[in-house]
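The values are calculated or read from the model by the stated rules, or taken from the named source; none is laboratory data. Keep in mind that this is a model prediction, so the values were computed, not measured. Here the Cβ positions follow ideal geometry from the backbone for every residue, glycine too, while neighbour counts run over all protein chains shown. Only protein heavy atoms, including side chains, enter the accessible area calculation; ligands, DNA and RNA are left aside. Shrake-Rupley method; radii C 1.70, N 1.55, O 1.52, S 1.80 Å.
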Amino acid sequence: MPGSSRFFSVIYENYDDVDKIHMQWDNLLNTQFQKTNTLNSNLAALYQHATNSTIEHFPWYPTWPSDFRTLQLKTKTYSLLHHFLNNYPHLFKYTSLSPKRIESILSQLDMKMYPFLKSSAITIQKSFKQRGIVMTTGKKHFLYAMHAILALKSIIKTSLPIELLYNEGELDPWQLDELQRVGLTTIDITTKLNIPSGTIKGWAIKPFAILASSFEEVIFVDADVLFFQDPKHLFSSNRYQNTGTMFFYDRTTLKTAFEFLSTTDFLKRFLRFPSERLQKSRLWNYQSAYEMESGVLLLNKKKTMPELLTACLLNYGEYGKEMYKGVYGDKETYWTAWEMNGKDYYFVEGYAGAVGYLHEIILDAQLSKDFQIEKDDSGDPTLITEEYHMDGVQSSTRNRFKVGNYTCGANFHVDESGTPLWWNGGVNLNKNIGFNETYNFTHWAVQYADQKEMRFEWESDFHPFCLRLGGPQNVGELATVNGKSAKGELTVREKQLVAKYKSLWENILSLYQKKS
C-alpha cells in the first residue's frame, strides 16, 4: 500500500500531525474493512508495515500520562494486530509474517503497555471458559453483595456461576468465609494481576475484575444490583453477539461532579474522530453530564480483549488519575476505550429511569412556572391554598400547584423489549444513610431518546430520585415510545419478587449487620 511503510515512522517526527495520522489510519482501515469480501495483499501489507514499525518507532509507554491522543494511536494499533491475528489468518500468506511472530510482538507490547499483566494477554485469553457473573465488593458493601448473591442463587435461581473478586485486605476473613459458604468462588485479584495492594480502589477495580475472572463471557454486576429476571438471557441478544458488548445508559442529568470542566469537553480533547454513535449521543451534545451506568455490563472477553485492556489502563495508575479528572468513576471509561480503538459497541435502548412508588409533587407558584401544571375537570390549574396559623389565628395563605405524579425510587433499567430488568441501590430507601428503611415498589418509568419533556428531583436524605415524564399522568395511562411503554405498574410477579427481596434483606441484616 503506497506510503504505508512510513506510516508509523513519522509519528514522533511530526507530533503535531497526530490528528492527521489518525485520520489517514482510520481511512485506510475503514476502506479495507468495509470490503470484507475483497481483503487482499494490500491490507496484508498494511498489517506487515504496522508490525515491522511498532517496536522500532513507538516508545510504548507515553512520557506523560495526560497524553491520551498518543495513547489512543498505540491502543488502536495494538487492537489492529490482535484483530489480524484472531480474525484474518488467511491473510498471512500475503506477508512474511507468521501467527507466532504476531503473538511475540503482542506479548512484548503487553509488557510495555499493560504493566498490570502477569502474563501475555493471549495466554490469559486462552484460559477463559464458559459464561458467568462477576462481582466485586469490600467491607462497606458486603451486606449488599450477600443480598445480591443470594437473590440470584435462591430467588432468581440463575444457573450462571458467580465469581467475586476483591482486593487484598478489603474483606475480613469472616466475610470471605461467609461468601464461600454460600457457594461463591472468591478470588484475590492480586493473585491474577500485577496490582500491588492499595493500587486500585473503589470503582477502578471493576474492569480488572472482569479481566481477571475465569469466564470468557461476563455479566458484571454491582454489589447492590437486583434483577426482575434471570440475566442469563442477555447473552442471546443479537447485538451483544455481534459486538461482544452490552452497555446500559445512565440517567439524563446535567448535574456533574466537576466544577470547571465538563466530561464532554474533557473527552473531546482526545477523541478527535468520534463514531457516528458518539456524535449523536447525549453526552457529546451537552445534553447530559453522564452517558453510561456501569452497574451491569456484558463483555465477550475473547472478542474484545484489546478494548478491555484499554479500559483497564484508563482506570490504572497515572492514567487513571488523569482520567478521573474528567470522568466520574469507571462508567465512561468502557465505551471510551472502544472509541479509542475504533470498535463498535452496543447500548440497550432506554435511558435509566426509576422504579419505586408514585409521588405527587406540589410546588410553590414561583417554582412551578417551568412545569406542566395539572388541570382539573374545568381546565383550570389544580390550585391548593394552604393556610398558616399562629396561636389559632390565620396569619397567611400560600398558593401551590400540583405538577403531576413522579415515579420515585432506585436507578432502573429495562431490557431490549422494554421489560423491567434490573435496578441498583437494593431495597432500602437510601443506602448512604441507613440499612433499615425500605420503600414500596409499585411503579416504574424510563426515558427514551424521543421523550423531550422530563423532570426530576434528585435524591436527598428524605426521598430517592424522582422522575416525571411528559405525556399522560394518570395511573393506568401509559406513555409509549416506538411501541414500548415508558412507564407502568409492576406486574404481580414482579411485586412478589420484590417482597421476597425485602424478606431476604431483613434476614441479611439480622445475620450480619452487627458484625459489619
Next on the checklist: I need a count of the residues in the range 291-325 that are among the acidic types (Asp, Glu), open to solvent by less than 20 Å² (accessible area, probe 1.4 Å) and over 21 Å from residue 416 (Cα atoms).
Outcome noted: 1
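Residues are listed down the side, and each one gets a yes or a no for (1) open to solvent by less than 50 Å² (accessible area, probe 1.4 Å); (2) hydrophobic (A, V, I, L, M, F, W, C); (3) in contact with a helix residue (DSSP H, G or I) (Cβ under 9 Å, 6 or more places away or on another chain); (4) modelled with pLDDT under 95:
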residue	(1), (2), (3), (4)
125	yes, no, yes, yes
132	yes, no, no, no
135	yes, yes, yes, no
152	yes, yes, yes, no
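Scan the range 388-404 and tell me whether some residue there is modelled with pLDDT of 95 or more, of a type outside the set (Lys, Arg) and buried (at least 22 other Cβ atoms within 10 Å of the Cβ).
Looking only at the range 388-404, we keep the residues that are modelled with pLDDT of 95 or more, and these are none.
No.
Please specify each residue of the range 66-125 satisfying the condition of being part of a helix (DSSP H, G or I) and of a type in the set (Lys, Arg). Give the steps one after another, and end with the answer.
Just the residues of the range 66-125 that are part of a helix (DSSP H, G or I), to begin with: 68-87, 89-94, 99-113, 121-125.
Of everything in the range 66-125, those that are part of a helix (DSSP H, G or I) and of a type in the set (Lys, Arg) turn out to be 69, 74, 76, 93, 100, 101, 112.
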Checklist entry - Any idea which of (1) buried (at least 22 other Cβ atoms within 10 Å of the Cβ); (2) at pLDDT 75 or above is the one residue 417 doesn't satisfy? => result (1)
Next on the checklist: Given the criteria modelled with pLDDT of 50 or more and open to solvent by 10 Å² or more (accessible area, probe 1.4 Å), does residue 328 qualify?
Outcome noted: yes
Checklist entry - Name the residues in the range 81-111 that are aliphatic (A, V, I, L, M) and either farther than 20 Å from residue 208 by Cβ or at pLDDT below 85 (or both), would you? => result 81, 85, 91, 97, 102, 105
Checklist entry - Looking only at the range 447-490, which residues are open to solvent by less than 20 Å² (accessible area, probe 1.4 Å), at pLDDT below 65 and part of a strand (DSSP E or B)? => result 481
Item to check | Odd one out for residue 246 among (1) modelled with pLDDT of 90 or more; (2) assigned to a loop (DSSP other than H, G, I, E, B); (3) within 24 Å of residue 75 (Cβ to Cβ) | outcome: (2)
Next on the checklist: Among (1) out of contact with any Gly (no Cβ under 9 Å at 6 or more places or on another chain); (2) basic (Lys, Arg); (3) closer than 29 Å to residue 123 by Cα, there is one condition residue 268 misses while meeting the rest; what is its number?
Outcome noted: (3)
Checklist entry - Among the residues of the range 203-222, is any in contact with a His (Cβ under 8 Å, 6 or more places away or on another chain) and surrounded by 22 or more Cβ atoms within 10 Å (Cβ to Cβ)? => result no
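Quick one: which of 158, 185 is open to solvent by 30 Å² or more (accessible area, probe 1.4 Å) and in contact (Cβ under 8 Å) with a residue 12 or more places away in the chain?
On the way: 158 fails: open to solvent by 30 Å² or more (accessible area, probe 1.4 Å).
Unique residue meeting the criteria: 185.
Out of 114, 144, which single residue is under 18 Å from residue 341 (Cβ atoms), at pLDDT 90 or above, crowded, with 21+ Cβ neighbours inside 10 Å and not β-branched (Val, Ile, Thr)? Before you say what the answer is, go through the steps one by one.
Working: 144 fails: under 18 Å from residue 341 (Cβ atoms).
The match here is 114.
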Checklist entry - So which pairs qualify, if the first residue must be in the range 496-511 and at negative phi and in a helix (DSSP H, G or I), the second must be open to solvent by 30 Å² or more (accessible area, probe 1.4 Å) and small (Gly, Ala, Ser), the Cβ gap must be under 8 Å, and the two must be at least 6 apart or on different chains? => result 504/154
